[in-house]
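Accompanying notes for the structure given below.
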Amino acid sequence: SLMLDLLDRLSLTEACAVAEDLIAEHLEAAQREDAPPTELRTLAPRLVSNEFGRLWQPLHLREALIDYDNEAHVTCRQYVPATFRELRNICNLAQVRGAAGPGAALQLLTFDGDQTLYPDRATLGSDAPLVPLLLELLTRGVALALVTAVGFDEAAPYEARLSGLLAALTAASAPEALCSRV
């Protein structure tokens, strides 16, 4: 992984900054036919190959790290590096931030619940930093879907897992058209 490789020689804050800049440079170069290979293509060829899809938008990893760090305090640790799960959470948060940003043209955003939207077997609380971003996506017309392997037979356990988002919709007196996109 690009981030894990960067963490071998940089702090988490520096790694996020470098990765964000490399992605932005790559996206800019991808718009030009005559652009030479980017540094990102050299450092992480699988990331930019079409094998796993392509990069569509800048990832504001610096901002996502600040948001994530306010809750997890990952940059305060001296001897325990960020885990793969923490890096994935930062990248996921950056992706949601980018999708909710100006000019977003998404129609559907799907999430795995456990370890993506919320900790394993927990819920998306109303105080989660993703809740306002998800609400912003809904107001922009993006449909949100939870894709999970949990396999409940009824809606109540899923509603419990998304209780923070559902409570925010209720508190905002969201119209039916908005609620129907969840």
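The values are calculated or read from the model by the stated rules, or taken from the named source; none is laboratory data. Just so it is clear, the structure is predicted and the values come from calculations on it, not from any experiment. Cβ atoms come from the backbone with ideal geometry, glycine included; neighbour counts cover every protein chain shown. Side chains included, ligands, DNA and RNA excluded: accessible areas come from the protein's heavy atoms. Shrake-Rupley method; radii C 1.70, N 1.55, O 1.52, S 1.80 Å.
Can you tell me how many residues in region 27-43 are part of a helix (DSSP H, G or I) and open to solvent by less than 20 Å² (accessible area, probe 1.4 Å)? Residues meeting the conditions: 2.
For L6, the requirement of being farther than 28 Å from A143 by Cα and assigned to a helix (DSSP H, G or I) is met. For region 77-90, the condition of being part of a loop (DSSP other than H, G, I, E, B), at pLDDT 90 or above and charged (D, E, K, R) holds for at least one residue. Looking at region 128-179, the helices (runs of 4 or more DSSP H) lying wholly inside it that each contain 3 or more residues that are surrounded by 12 or more Cβ atoms within 10 Å (Cβ to Cβ) and either touching a residue at least 12 places away in the same chain (Cβ under 8 Å) or acidic (D, E) (or both) sit at 130-139, 156-161, 163-171. Return yes or no: is L4 surrounded by fewer than 18 Cβ atoms within 10 Å (Cβ to Cβ), within 28 Å of T75 (Cα to Cα) and touching a residue at least 12 places away in the same chain (Cβ under 8 Å)? Yes; evaluated as a whole, the condition is true for this residue. There is at least one residue in region 120-140 that is at pLDDT below 80, of a type in the set (D, E, K, R) and more than 21 Å from A64 (Cα to Cα). P58 falls short on exactly one of the conditions (1) farther than 27 Å from H26 by Cα; (2) open to solvent by 50 Å² or more (accessible area, probe 1.4 Å); (3) modelled with pLDDT of 80 or more; (4) not in a helix (DSSP H, G or I), and that condition is (1).
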